[in-house]
Structures are given as C-alpha cells and as structure tokens.
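To start, the structure under review is shown below, and the notes come after it.
The values are calculated or read from the model by the stated rules, or taken from the named source; none is laboratory data. Treat the numbers as computed from the prediction; the structure is a model and nothing was measured. Cβ atoms come from the backbone with ideal geometry, glycine included; neighbour counts cover every protein chain shown. These accessible areas exclude ligands, DNA and RNA; they are computed on the full protein's heavy atoms, side chains included. Shrake-Rupley method; radii C 1.70, N 1.55, O 1.52, S 1.80 Å.
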Protein chains: 2
Amino acid sequence: MDTFSHVPPGFRFHPTDEELVDYYLRKKTASKPIDFDVVRDVDLYKIEPWDLEDLCKIGSGDQNEWYFFSHKDKKYPTGHRSNRATKAGFWKATGRDKAIYRGKFLVGMRKTLVFYKGRAPNGQKSDWIMHEYRLETSENGTPQASTY
Amino acid sequence: MDTFSHVPPGFRFHPTDEELVDYYLRKKTASKPIDFDVVRDVDLYKIEPWDLEDLCKIGSGDQNEWYFFSHKDKKYPTGHRSNRATKAGFWKATGRDKAIYRGKFLVGMRKTLVFYKGRAPNGQKSDWIMHEYRLETSENGTPQASTY
C-alpha cells in the first residue's frame, strides 16, 4: 500500500473497543511505538472534560469523541480506590463493566463513567460520558485509554 | 504529524460527499496523484455489484460500502444518454440528484441508482444502491466516482 504522511481526506478515527484495548492500550503499556499520534497523553484529573477538544484534536474535522491515555490516580496511597475528581467535578462509574473480546479471548474491560459538576454526593450530572478501558491482566493498576 | 505506511488500526474510510467530489474526483479528473489508493479504478459496466467487494477492499475490516472511479459509457456514440447495463442487469436512476456544496459553493452533484437484475423494462429490483458523483462543470462528460 501507499505511504502517506497525514490523515488523507475521508479517513476518520473510529476504533472498535477491541482496537483500543488490544492495539493502542497494549502498545502503550508495553512502551512500544504507536504509528500515529491519535491517542494523546493527558492527566485526566488535572483537566476538565471541555478541555479535551483542544488537547485531543485529530485532523481538521468535527469531533464529538476524544481519545487519550491517562494514568490512574489512587484516592489513598495504599488503597485500590481510584480518585477521579477534577477541579470542577468528578467522574462517577455507572452500569456494569463490559467485557472486550478478540475472537474468543477476553482482552480487556470497559467501564462507563459520567461527569458530575461539584462535589460528591451533591454533584450535578452532566452529558459527559467517558469509557475507561483496561487490559485484562492479573493486576489492574495499568494505564488507561479512555474516550469521552 | 507522524508518517505511516498503512492504515493504522481504528481508521475507517468514511468520506463525506464533499470530500469525494472536491478532493478525490477533482484530483482524479485532473490526473493528479492521490495520496492513498482507496478509490479504485474499475469498469463498472463490465462487473457486477457483487464483484466490488474484492476489487475495492480497503484494509482488513468489514465493508458495506465500496468506492471506485469508472468512466461513463454512452448508450449511443453521438448521444448524451448513459449506458448503465452490465451482463446481469442494469443501474437505474432513482429520486432527485443531490447538490454537494463546499461552504456556499456548489462543487458537484450526486445521483442515486438502484441495480435491477435482468433487462429493462422487466428487471427485478435489488438491494444494491450506487451513488454516482459528478463535478459541477460546464460539461458533464467527466469520469465518475461512485459508491455502492
């Protein structure tokens, strides 16, 4: 196939859950190079959802989904609970995690979170949705690839 | 931006009408190089719709739309009517042509056709749909970029 040095007209980044976990997140956690800079590194808990548009822009088209890697932040240094608060609000998990398969093999899990403005338990629910992906490994303290 | 030599995982060719006409078809008719071989050259009237899957495959994902360039075939050497018959059937226009704009500027038109098996006027309607794009120029005897 040909070589191109930018995203040609007509191409959109519409990855499947499997591609996000089994290609992008797997490469990222193994510190392997990723061909193209479409999933950005951010510190999710230092930015607000509405900052993502600028930080995670791909090409020139309209986007209503943004892709990024962010390290998980623990609530307490010794615990397992995640701290998902930002300055303006917090991310709260909703529903059940979804299993992600490559063929018959479980490769990862997807958690859905909703952004609330304010402080728990009095936050105000917003329209911002995040999908947090994790590799299915023995330990889950792995970096995350997420999408709004 | 980075360079890549293949379509990276997660990218799909989902062009807008404007991109098909104003980028791909415009370059093609001007014989300018196109970065990436996603719109194939075929002779539409020598192949059947079901042959397109192999001829116009992009990458490894599932596709239910195929993109190609094909020269228009005239029904009679001196006339303006198009001959859209194949061995197994024929393409018949349906509905109105749709105007395609870049901002305020009309850049092309899109005709919708349906494939009928058999011979007119007794063909049997199929589920195959084609969009035939043309540049909006003073003459319309230009090559076509089409999608099923």
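A few comments on the model shown:
- Under 12 Å, Cβ to Cβ, from B:I129 - net charge with Lys/Arg +1 and Asp/Glu -1: +1
- Net charge dipole size for the range A:88-130 [Lys, Arg +1 and Asp, Glu -1 on Cβ; Debye, nearest 20]: 140
- Between B:D37 and A:Q63, the distance separating the two model label sites (each 7 Å from Cα on the Cα→Cβ line) works out to 3.0 nm.
- For B:R119, net neighbour charge (Lys/Arg +1, Asp/Glu -1) across residues whose Cβ lies under 12 Å away: +3
- Of the beta bridges in the range A:17-139, as assigned by DSSP with both residues counted there, near 90 percent are antiparallel.
- Given charges at beta-carbon only (K, R positive; D, E negative), |dipole| of the range B:17-139 in Debye: 740
- Area accessible to solvent at B:Y101, 1.4 Å probe radius, in Å²: 120
- Members of A:K27/A:K87; B:K32/B:K72; A:K28/A:K57; A:K46/A:K111; A:K72/A:K98 lying beyond 22 Å, as alpha-carbon distances in this model show: A:K27/A:K87
- If R0 is taken as 25 Å, the Cβ-Cβ distance between B:K98 and B:N122 corresponds to a FRET efficiency of 0.30.
- The residue among A:T29, A:A99, A:L55 whose Cα reaches farthest toward the positive pole of the charge dipole of the range A:17-139, with charges on the beta-carbon of Lys, Arg, Asp and Glu, is A:A99.
- In the full protein context, the range A:17-139 carries 62 Å² of accessible surface per residue, based on a 1.4 Å probe and ignoring ligands, DNA and RNA.
- The distance between label points at B:H14 and B:T29 comes to 2.8 nm (points 7 Å beyond Cα on the Cα→Cβ vector).
- Rolling a 1.4 Å probe over the protein chains gives B:E136 an accessible area of about 80 Å².
- With a 1.4 Å probe rolled over the protein heavy atoms of all chains, the accessible area of B:K92, B:K104 falls in the order B:K104, B:K92, largest first.
- Using a 1.4 Å probe over protein heavy atoms, the accessible area lost on pairing A with B, summed over both chains, comes to approximately 2500 Å².
- Whole-percent carbon and sulfur share, accessible surface of the range A:17-139, 1.4 Å: 47
- The simple Förster model, with R0 at 45 Å and r as the Cβ-Cβ distance, assigns A:L55 and B:T78 a FRET efficiency of 0.15.
- Amide H partners (placed H, <5 Å) of A:D41, local residues excluded: A:F69
- Note that the range B:7-123, at 20 °C in a medium of 1.002 mPa s, gets a Stokes-Einstein diffusion coefficient of 132 µm²/s from its Kirkwood radius over C-alpha pairs.
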